[in-house]
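The values are calculated or read from the model by the stated rules, or taken from the named source; none is laboratory data. Note that this is a predicted model, so its numbers are computed, not measured. Glycine gets a Cβ as well: all are built from the backbone with ideal geometry, and neighbour counts include every protein chain shown.
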Amino acid sequence: MSAAAGASLVRRLVCVSVNAAIDKTAAVDHLVPGEIHRPEMLSVVPGGKALNVARAARTLGLEASVVAVLGGRAGDWMEEALAARGIRARGVRVAGETRTCLSVLDRVTGSLTEFYEAGLTLDAAGWAAVEAALATELADDPSGTLVVIAGSLPPGAPVDGYGRLASIAAGAGARAAVDAGGAHLAAALPARPWLVKVNAREAAEATGIPAPDEAGTFAAARGLRAGGASAALVTRGVAGAVLVDDTGTAWRIGPPPKLGPYVVGSGDALLAGLAAALATGLPVPEAARHGAAAACANALVPGQGELDPADAARVLDAIVLTRA
């Protein structure tokens, strides 16, 4: 089935987060090492890349549920916060506390300094529980489901974990979109995910194809398809993104018309915006353009995966889609 033909079949997302986090974003006038800062807390959200996608997609009107590894009272808060967004969480409970990640924006320089705690350790039994939870979640409407597998793997998880999850999705009749880097992405490609969405550095690492410019990024995207992905969407930051769809057709998306200060999570919003557009029946290249608009909207407000749909609609016309 072609990516365009399958677009209308996307009715919901199942987002798998094995390394979830409470994501906090704060701002200070100027970040000075060694000094006490009294920041304005801008946002606290249930995060990690897959949960960012789920929240952004829900904001854009697409049904989303999550399979998430959670621990302790922090895990309780995560489930409650997701439920408040209309997102059902199928939690895999393990020992310990769900991590917290802090991003501090320096308003003078515009730079973002990030502090990421280590994730919960996931042993063999914990990983088996993740696989079982995903299989259970896919029992309802698998053909209309896009499984989003995104983010880093926690300590103890198998290197080929994302490939195993993508295989479970395919076996159930669903499609998988993978957003991961390095060895984890390389190990997922043989499972033939429907879509790989990564940045240029991650694409280069997974394929061994340098991507310092647009030509190199297109080559790396084609390398991801050669490795097993049906389609590859590779972001280039302020330069926009490139797409090689499942027919091998190459597309240039962007660059974005406006850059906001809150860029973390923009890639997650892009994937959410693409999925939401697919749910309306748009073909993949045009859906990716809508995803780019959602990414721009994410950067305008604090919080990873947070956006105003009106912002995305406003910038959409300025985002150009061209066949490369």
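Side notes on the structure shown:
- Unmet requirement for V196, which otherwise passes all of (1) in a loop (DSSP other than H, G, I, E, B); (2) surrounded by 18 or more Cβ atoms within 10 Å (Cβ to Cβ): (1)
- Residues located in the stretch 74-96, provided they are part of a helix (DSSP H, G or I), touching a Ser or Thr at 6+ places or on another chain (Cβ under 6 Å) and either farther than 21 Å from E131 by Cα or of a type in the set (K, R) (or both): A74
- Candidates in the stretch 97-109 are the residues that are closer than 10 Å to D29 by Cα and not in a strand (DSSP E or B); of these, the one that is farthest from the chain's Cα centre (by Cα) is V108.
- Cross-chain or 6+ apart pairs with Cβ under 6 Å, the stretch 38-49 first and within 18 Å of G75 (Cα to Cα), then in a helix (DSSP H, G or I) and among the small types (G, A, S): P46/A81
- When L60, L105, L51 are checked against the criterion of being modelled with pLDDT under 95, of a type in the set (A, V, I, L, M) and surrounded by 16 or more Cβ atoms within 10 Å (Cβ to Cβ), L105 stands alone in meeting it.
- The stretch 205-215, subset within 15 Å of A241 (Cβ to Cβ) and assigned to a helix (DSSP H, G or I), residue nearest to the chain's Cα centre (by Cα): E214
- Scanning the stretch 137-179 for residues that are on the phi < 0 side of the Ramachandran plot, touching a strand residue (DSSP E or B) at 6+ places or on another chain (Cβ under 8 Å) and modelled with pLDDT under 95 gives G144, P154.
- Residues (in contact with a helix residue (DSSP H, G or I) (Cβ under 6 Å, 6 or more places away or on another chain) and at negative phi) located in the stretch 269-281: A269, L270, L271, A272, G273, L274, A275, A276, A277, L278
- Only one of the listed residues (A183, A206, A188, A226) is of a type in the set (A, V, I, L, M) and farther than 20 Å from K49 by Cα. That residue is A226.
- The single residue among L120, L112, L134 that is in contact with a strand residue (DSSP E or B) (Cβ under 8 Å, 6 or more places away or on another chain) and within 21 Å of L62 (Cα to Cα) turns out to be L134.
- L185, sole failed condition from (1) assigned to a helix (DSSP H, G or I); (2) under 28 Å from T322 (Cβ atoms); (3) over 16 Å from the mean Cα position of the chain (by Cα); (4) touching a residue at least 12 places away in the same chain (Cβ under 8 Å): (3)
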